[in-house]
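One structure below.
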Amino acid sequence: FLGAGKPPMYGDYEAQRHWQEVTYNLPIRQWYFNTSDNNLLYWGLDYPPLTAYHSFLCAYVAKLINPDWIALHTSRGYESQPHKLFMRTTVFVADLLVYIPAVILYCFSLRETSTKKKASIWGALCILLYPGLILIDHGHFQYPLSLGFALWGVLCLSYDWDLLGSVAFCLALNYKQMELYHSLPFFCYLLGKCFKKGLKGKGLVLLMKIAGTVVVSFAVCWLPFCTDVAQIMQVLRRLFPIDRGLFEACMFSSPPPCSKLANIWCSLSVLIKIKNIVSPQTQLKISFAVTFLSLLPTCIKLTVHPSLRGFKFALVSCALSFFLFSFQVHEKSILLVSVPVCLIINEIPFMATWFLLVSTFSMLPLLLKDGLLLPYAVTTLAFLSVCTAFFSILEKTSAEDLQLKAFSISLKGYVSWFKSFPRIVRSLFLLSLTLMGLLSLASAALSPPQRLPDLFPVAVSLVSCLHFLLFWVYFNVVILWDSKNSRSQKKIS
């Protein structure tokens with residue numbers, strides 16, 4: 001694990017263990033406050049209440065096995081093999097209970113693209129083999145619960161179980177605040193359905209039911225903190241640390257995230273030191289404005305023409321807008337884009353596979369710090385092999401396969417250019433794979449020049465950011481040129 005055995009902080013693994021220590025040994029009113037027993041500078045809780053409750057549940061089990069694992073103060077930096085096995089098991093159990101069932105049920109519900117049980121199994125296998133999530137959850141040590149709850153939300157909405165879908169997404173948002181990346185597509189899709197039913201009849205009733213469901217879900221999650229306004233405000237301050245600026249350096253990372261994060265602000269910081277020029281408050285305003293403008297067309301389209309297909313593509317586009325342009329992004333946040341991409345891998349297998357490969361590559365500096373070079377190589381090759389074998393991705397590069405038929409027709413006089421489009425796309429894909437492979441080898445095997453110690457992480461960041469910008473344009477084109485009467489607009493049965 002990153003930071004393992006390295007005081008004073010020991011890494012992300014210790015963060016998860018420490019939250020168990022804090023939540024089990026301290027009263028709820030102290031979980032988010034700085035006290036003599038809870039030093040917020042030492043991995044203070046900075047996720048919503050459901051994360052804290054989950055930590056408490058894990059701590060309760062840990063206490064039964066070995067109380068030393070969560071002993072207040074004395075357990076800092078605890079890294080025994082039995083405890084590592086316990087912690088890995090908790091992640092695996094979270095996978096089995098929440099994430100994996102959602103993936104399998106979703107794939108078996110895809111009637112319009114997967115008419116056979118074998119196809120559903122292969123589709124689920126491709127999603128579950130996505131290397132980014134495997135490496136972060138089981139290598140870097142994170143829990144997949146927020147993404148799992150979000151998937152359950154998508155699954156429920158695909159069956160028109162709007163209230164259950166709202167509850168599932170509220171759980172996701174109350175587990176990790178980064179689920180805000182997906183919040184606007186959920187909101188716009190449900191609001192669009194209400195408009196479509198008519199706000200003077202069934203639509204108004206549905207809107208009131210959804211609003212009530214959301215309020216009750218949040219109230220239940222936050223109930224222990226609702227006794228005092230100061231409690232609520234302190235939790236919110238921990239969740240949204242505005243004073244840190246656009247990005248912050250990680251104490252275990254060298255180079256810091258601003259030179260290895262593949263979003264627009266960190267890439268620009270290579271040339272322009274934004275944090276030295278603009279105040280944190282102005283940085284927040286700029287990033288908010290750019291993010292809002294980048295996702296506005298997609299949200300308007302989804303609200304005016306709500307469809308399940310448009311909803312899934314909007315999840316990708318909006319999450320990618322947040323990743324590229326928003327405030328306080330972490331390299332792991334690309335998973336919030338990747339999981340929605342997994343949901344459309346049956347519809348656009350070529351572009352989805354390409355994106356998922358780039359998203360894993362974008363986290364390479366972090367993975368190398370974790371000592372995950374071999375797992376990175378093995379899982380990436382396995383994923384590419386399965387997707388190539390099942391989807392035959394190199395044969396799915398026509399404008400129609402890439403959902404660009406309507407866009408190509410709208411170009412009118414330039415339609416003839418699309419005759420060579422499949423060949424161009426395949427060439428770009430192979431060039432991209434080659435470049436990512438060479439940079440991966442160089443990052444792992446070569447020492448950078450003394451004058452440019454951050455050469456390889458910066459190169460990975462810039463290459464990945466360029467890819468993501470092109471993908472952002474692509475997904476927005478697909479969404480905005482989508483025809484309401486297209487054959488691909490069928491809803492999930």
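The values are calculated or read from the model by the stated rules, or taken from the named source; none is laboratory data. None of these values were measured; they are calculated from a predicted model. Every residue, glycine as well, gets a Cβ built from its backbone with ideal geometry; the counts of neighbours run over all protein chains shown. Side chains included, ligands, DNA and RNA excluded: accessible areas come from the protein's heavy atoms. Shrake-Rupley method; radii C 1.70, N 1.55, O 1.52, S 1.80 Å.
When you look at residue 183, is it among the small types (Gly, Ala, Ser), more than 30 Å from residue 376 (Cβ to Cβ) and open to solvent by 10 Å² or more (accessible area, probe 1.4 Å), yes or no?
Details: among the small types (Gly, Ala, Ser): yes; more than 30 Å from residue 376 (Cβ to Cβ): yes; open to solvent by 10 Å² or more (accessible area, probe 1.4 Å): yes.
So residue 183 passes the test.
Taking the stated definitions as given, is residue 410 more than 29 Å from residue 264 (Cβ to Cβ) and either of a type in the set (Gly, Ala, Ser) or out of contact with any Asp or Glu (no Cβ under 8 Å at 6 or more places or on another chain) (or both)?
Numbers: more than 29 Å from residue 264 (Cβ to Cβ): no; either of a type in the set (Gly, Ala, Ser) or out of contact with any Asp or Glu (no Cβ under 8 Å at 6 or more places or on another chain) (or both): yes.
No, not satisfied.
Quick one: count up the residues across segment 30-63 that are part of a loop (DSSP other than H, G, I, E, B), more than 30 Å from the chain's Cα centre (by Cα) and of a type outside the set (S, T, N, Q). Before the answer, list the steps.
Step one: list which residues in segment 30-63 are part of a loop (DSSP other than H, G, I, E, B), which gives 31-34, 36-37, 39-48.
After this cut, where a residue has to be more than 30 Å from the chain's Cα centre (by Cα) as well, the list is 36-37.
Then drop every residue that is not of a type outside the set (S, T, N, Q), which leaves 37.
Number satisfying all stated conditions: 1.
Tell me which residues, restricted to segment 64-79, are assigned to a helix (DSSP H, G or I) and open to solvent by less than 80 Å² (accessible area, probe 1.4 Å). Quick ask: steps written out before the conclusion?
Our first condition is that a residue be assigned to a helix (DSSP H, G or I); within segment 64-79, this holds for 64-65, 67-70.
Scanning segment 64-79 gives 67, 69, 70.
Would you confirm whether any residue within segment 85-93 is open to solvent by less than 10 Å² (accessible area, probe 1.4 Å) and either in contact (Cβ under 8 Å) with a residue 40 or more places away in the chain or among the basic types (Lys, Arg) (or both)? So that I can check it myself, show each step before the final result.
Taking segment 85-93 as the starting set, the residues that turn out to be open to solvent by less than 10 Å² (accessible area, probe 1.4 Å) are 87, 91.
Subset that is either in contact (Cβ under 8 Å) with a residue 40 or more places away in the chain or among the basic types (Lys, Arg) (or both): 87, 91.
Taking every residue of segment 85-93 in turn, at least one turns out to be open to solvent by less than 10 Å² (accessible area, probe 1.4 Å) and either in contact (Cβ under 8 Å) with a residue 40 or more places away in the chain or among the basic types (Lys, Arg) (or both).
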Of residues in segment 340-356 being assigned to a loop (DSSP other than H, G, I, E, B) and among the aliphatic types (A, V, I, L, M), the one surrounded by the fewest Cβ atoms within 10 Å (Cβ to Cβ):
344
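Yes or no, residue by residue, for (1) modelled with pLDDT of 90 or more; (2) within 16 Å of residue 343 (Cα to Cα); (3) among the basic types (Lys, Arg); (4) open to solvent by 10 Å² or more (accessible area, probe 1.4 Å):
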position: 131; (1), (2), (3), (4): yes, yes, no, no
position: 141; (1), (2), (3), (4): no, no, no, no
position: 145; (1), (2), (3), (4): yes, no, no, yes
position: 154; (1), (2), (3), (4): yes, yes, no, no
position: 158; (1), (2), (3), (4): yes, yes, no, no
position: 162; (1), (2), (3), (4): yes, no, no, yes
position: 167; (1), (2), (3), (4): yes, no, no, yes
Just to be sure, is residue 264 at pLDDT below 90, of a type in the set (Val, Ile, Thr) and open to solvent by 30 Å² or more (accessible area, probe 1.4 Å)?
yes
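Across segment 322-339, what is the number of residues that are within 8 Å of the chain's Cα centre (by Cα) and open to solvent by less than 20 Å² (accessible area, probe 1.4 Å)?
At the first step, the residues of segment 322-339 found to be within 8 Å of the chain's Cα centre (by Cα) are 332-339.
Restricting the remaining residues to those that are open to solvent by less than 20 Å² (accessible area, probe 1.4 Å) gives 333-339.
Total meeting the criteria: 7.
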Can you confirm whether residue 375 is open to solvent by 40 Å² or more (accessible area, probe 1.4 Å) and in a loop (DSSP other than H, G, I, E, B)?
no
